[in-house]
Structures are given as C-alpha cells and as structure tokens.
1. State yes or no: is residue 172 out of contact with any strand residue (DSSP E or B) (no Cβ under 8 Å at 6 or more places or on another chain), buried (at least 21 other Cβ atoms within 10 Å of the Cβ) and either under 17 Å from residue 264 (Cα atoms) or at pLDDT 95 or above (or both)?
2. Looking at residue 35, is it surrounded by 15 or more Cβ atoms within 10 Å (Cβ to Cβ), over 22 Å from residue 193 (Cβ atoms) and modelled with pLDDT under 80?
3. When residues of the range 269-305 are filtered for being free of Cβ contacts under 8 Å to residues at least 12 places away in the same chain and part of a helix (DSSP H, G or I), how many remain?
4. With 193, 157 as the choices, which residue is in contact with a strand residue (DSSP E or B) (Cβ under 9 Å, 6 or more places away or on another chain) and under 30 Å from residue 273 (Cβ atoms)?
5. If you take the residues in the range 229-287 that are closer than 17 Å to residue 92 by Cα and surrounded by fewer than 18 Cβ atoms within 10 Å (Cβ to Cβ), which one is nearest to the chain's Cα centre (by Cα)?
6. Let me spell it out: the conditions are (1) touching a helix residue (DSSP H, G or I) at 6+ places or on another chain (Cβ under 7 Å); (2) free of Cβ contacts under 8 Å to residues at least 60 places away in the same chain; (3) surrounded by fewer than 22 Cβ atoms within 10 Å (Cβ to Cβ), and residue 147 meets all of them except one. Which number is the exception?
7. Starting from the range 222-246, take each residue that is in contact (Cβ under 8 Å) with a residue 60 or more places away in the chain and list its partners that are assigned to a loop (DSSP other than H, G, I, E, B), counting only C-beta distances under 6 angstrom and pairs at least six apart or across chains.
8. Given 202, 162, which one is touching a residue at least 60 places away in the same chain (Cβ under 8 Å), out of contact with any strand residue (DSSP E or B) (no Cβ under 6 Å at 6 or more places or on another chain) and closer than 18 Å to residue 252 by Cβ?
C-alpha cells in the first residue's frame, strides 16, 4: 500500500514539474522591457555602436503590416520602405524583439539597399499566440510573410535573416515551400532543433538528464501545440538548394557553435560559414562588424544576381 502511495505521489510531482517546465519553456510571457536595448546589460558594451540603429527603428517612418497565420493568429510587422526591388525579412529570437536583436544590423541592410520587414514572431510583441514553438510553426509564418510581400509589394528578391531562434526559424523555413524569389538565407547562431537546445539549457540550469523528461515534454507539445520538439533544421537542409550562410560566435554560451557547424556540413555546397572567435551569443556582428559586414555583403552580392 505504501509503495503504491509513493508511486502516486511521485507521478503527481513529476507531472507537476513537467507542466512547470512546459510553462517556462513554451508559454508566452509578456515582457514590456524586452526591446529596451539601452538598458540591456548584455548589450551595454555595444550601445554606442547600436545607437544609430535604435534611432532608425524608433524614428524612421514605417508601415505597420499584418497577416493571418495558417492557424489563425494575427501577426504584426514593421515595413521600412527603401523604394527597392529587394526586401529582407528580419526574424528575432526567443523571448526577444526585432529592436533588441537587429539594432545593430537593420541599418546595414537598409543602407545596402533593402526594404526591411521587421516582424514580431508569434507569441511575441504585438503578434498573437500563446505558445512559442522554437521555430517550427514560426517557419510557416516566415513563408507566409514572404508571400505577403509578393502580393503587396512584388519585390524581385527576398532574403531571410534570423538570429538565435530566428536563425532556426529561417532554416526550418527552407522546407516550407518558400516563394521562388527567396534568394538566400542568413542564419545567425541558430540551434539545430528545439529538443537539442532544451536539452542543453535544461542540463546547464537544472542538471537534469534529457532522457528523463524529453519524451514526456514532446508529448505535451503535441497535445497542446501540435508540433514536435524533435524536428531538426538539418533535415530541412538535406535537400535545400537555396544558399545559406551560418554566422556563429565561438564563445557562444547559449547555443553551441557546433550546432551551426553541423548545419553547415549538412548544407553542403549551398552553405557557407562566418565564425567569430571572440563572440558570445548573437554578438558576432557587433564584435567583428567590419569583417562580418564584408562577408555578408559578399554573400548577398553573389546570390542576388
């Protein structure tokens, strides 16, 4: 009897912990300060370099645009026109914002000659949604944003550029049937799968083996979110023929640089890499601005013919 009682208590605690972890990882949390770049301790060393981009995002005229996702969510973005025939879609990371993640690079794209679509991913910012799916469903949204651009603005070329979870999102999008005028993809410090990054962060923070909880967590994402945490960007890259560049800091303490190296290997002749020795997570552009700018410019010039 006591053994049965202990087993029941253990199961209750285990299920409770699963729901706590599910909520921590996947459920939307509204954070009004996420775009407050000027008060970010993480970005503070680069504030002067970021200031022109911050001022551009805050003060440059833009059109607020929206689409309806494949599963009925209203998604929002800012469209900065440059009277150009090429447009870049900028895709921010996990529990972040376009302003936070692209204050450095947005003005580079604009000065390069792009129209810029700065989106709020589902379950972030003004966009609707209750669950973050680590790039899986978000990748369908990116496809739909590209189709929206074609219907409303008819650009000759579209580039996808994402950071962190956004980097995974644009890689996943490669197998979502992108429009033919999506010419190339830039994936900065993206992870290879939701399972891989959750396993890594879960062990770093809680010292819990993934074998203990991952199958149950995946069952919950299927039940509540209709997606699998085992979907991989490497699978999306196997038959891909759209050029993609992987950017990653070799001192990344959040998403291991090995994930981009693995993706690069899978991409074969359609992939190339920019690895920055002294950069932490999402900071490659800020740590080696001149070099990264030069290599991205070369990549774009080659693939926007």
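1. Yes; evaluated as a whole, the condition is true for this residue.
2. Numbers: surrounded by 15 or more Cβ atoms within 10 Å (Cβ to Cβ): yes; over 22 Å from residue 193 (Cβ atoms): yes; modelled with pLDDT under 80: yes.
When the stated conditions are applied, residue 35 passes them.
3. Residues in the range 269-305 being free of Cβ contacts under 8 Å to residues at least 12 places away in the same chain and part of a helix (DSSP H, G or I): 5 in total.
4. 157
5. The residue in question is 254.
6. Single failed check for residue 147: (1).
7. 225/133; 227/133; 233/192
8. Every option except 202 fails the conditions.
The values are calculated or read from the model by the stated rules, or taken from the named source; none is laboratory data. Just so it is clear, the model here is predicted, and its values are computed rather than measured. Neighbour counts are summed over all protein chains in view; Cβ atoms, including those assigned to glycine, are modelled from backbone coordinates with ideal geometry.
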